[in-house]
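Trainee: Got a structure for you, written out below as structure tokens; questions coming shortly.
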């Protein structure tokens, strides 16, 4: 059971999501405005923040970056509409740990909540991700294997970063396409397979020992 701050100015959505989270035995404080969220964060501790990007007063990106600059370490799940595509500089680099596009499936939301709650805070906020001999720097956008830098195309980098940020989570093909290729509605599964193939070649994953393919499901980082 977690204490969650939920910031959403759509009253109907706020009600339904808060009800869903409470049914999972979480304690939910739901607010409508960004400034109200900052006031709550300044005076109370939360285990998770679910934050809409499009708020009437202080937008979600500003709320998140302000909270992080003040030393806040609670994981943040950012919510965004399809027409408000969140990119690295305006979303994840504002301090969010993960994001979810609307409309979303309730099961997907709960899965993201569980995944964020399982992650140590130090890992969630780190700019350097590691998995075995692979190291990824989210600031310099460099990937290295056994200390040797390897070049990756931007989309391949984003896909690998997503998998490494959620090492215990299995992503469906659809979820990966939505979250990495979200600006291209015409992208096919072949693009995903090609990206996985390129990443494996770069990191020396010839047998799928690092990125695991779950048949008829998707991909995840293989656990040691």
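Derivation of every value follows stated rules applied to the coordinates shown; laboratory data play no part. Because the structure is predicted, anything quoted here is derived from the model rather than measured. Note: ideal-geometry Cβ built from the backbone for every residue, glycine included; neighbour counts use all protein chains shown.
Trainee: Assuming 0.36 nm per residue, please report the length gained on full extension of the stretch residue 11 to residue 42 beyond their Cα-Cα distance. Mind showing how you got there, number by number?
Mentor: On the way: separation 31, 0.36 × 31 = 11.16 nm, distance 2.37 nm.
Difference between extended and current length: 8.8 nm.
Trainee: Under the rule a/c < 1.5 gives rounded, and otherwise a/b versus b/c splits prolate from oblate, where does region 3-121 land using the Cα gyration tensor? Display every interim value, and only then the final one.
Mentor: Values: a/c = 1.21, a/b = 1.11, b/c = 1.09.
In terms of gyration-tensor shape, rounded.
Trainee: Using Cα atoms only, what is the angle between the long axis of helix 11-23 and the major principal axis of the chain, expressed in degrees (0 to 90) to the nearest 10?
Mentor: Approximately 70 degrees, to the nearest ten.
Trainee: Oh, and also: Any chance you could give the angle, 0 to 90 degrees and rounded to 10, that helix 189-203 forms with the longest Cα principal axis of the chain?
Mentor: Once rounded, one gets 70 degrees.
Trainee: Against the 2.2 N^0.38 Å scaling, with N counting residues, where does region 126-221 land? I'd like the Cα-based Rg ratio to two decimal places. Spell out each step's value before the answer.
Mentor: Details: Rg = 12.6 Å, N = 96, 2.2 N^0.38 = 12.5 Å.
So region 126-221 has a normalised radius of gyration of 1.01.
Trainee: Restricting to DSSP H runs of at least four residues, report the calculated mean residue ellipticity at 222 nm for the chain, -39500 (n - 2.57) per run over all residues, nearest 500 deg cm²/dmol.
Mentor: Details: 8 runs with 86 residues, N = 224.
Value at 222 nm, helices only, nearest 500: -11500 deg cm²/dmol.
Trainee: Once both labels are modelled 7 Å past Cα along the beta-carbon direction, what's the residue 1-residue 105 spacing in nm?
Mentor: Calculated label separation equals 2.9 nm.
Trainee: I need the calculated FRET efficiency for the pair residue 151 and residue 69, taking r as the beta carbon distance and R₀ as 45 Å, to the nearest 0.05. Spell out each step's value before the answer.
Mentor: Working: r = 32 Å, r/R0 = 0.72.
Plugging the Cβ-Cβ distance into 1/(1 + (r/R0)^6) gives 0.90.
Trainee: Here is a follow-up. Rounded to the nearest 0.05, what FRET efficiency do residue 128 and residue 172 give with R0 = 22 Å and r taken as the Cβ-Cβ distance? Could you check?
Mentor: Values: r = 27 Å, r/R0 = 1.24.
Taking R0 as 22 Å, the efficiency between residue 128 and residue 172 is 0.20.
Trainee: Separate question: As I understand it, the value is the acute angle between the Cα axis of helix 34-43 and the longest principal axis of the Cα atoms of the chain; what does it come to in degrees, rounded to 10?
Mentor: The angle comes out at about 90 degrees.
Trainee: Sticking with this one: For the pair residue 212 and residue 188, what calculated FRET efficiency results from E = 1/(1 + (r/R0)^6), where r is the Cβ-Cβ distance and R0 = 25 Å, to the nearest 0.05?
Mentor: Numbers: r = 22 Å, r/R0 = 0.87.
Here the calculated transfer efficiency is 0.70.
Trainee: For the chain, build the convex hull from the C-alpha positions and give me its volume per residue in Å³. Kindly include the intermediate steps, with their values, before the conclusion.
Mentor: Working: hull volume 27.9 nm³, N = 224.
That works out to 125 Å³ per residue.
Trainee: Could you give the nm distance between label points at residue 19 and residue 140, where each point is 7 Å from its Cα heading toward the beta carbon?
Mentor: Between residue 19 and residue 140, the label points sit 5.1 nm apart.
Trainee: Restricting to bridges with both residues inside the chain, how much of the DSSP beta-bridge set is antiparallel, in percent to the nearest 5?
Mentor: On the way: 17 of 35 bridges.
Antiparallel bridges: around 50 percent, rounded to the nearest 5.
Trainee: Something else now. Considering Cα pairs under 8 angstrom that are at least six residues apart, work out the relative contact order of the chain and quote it in whole percent. Could you put the intermediate results ahead of the total?
Mentor: Working: 322 pairs, mean separation 27.6, N = 224.
Relative contact order here is 12 percent.
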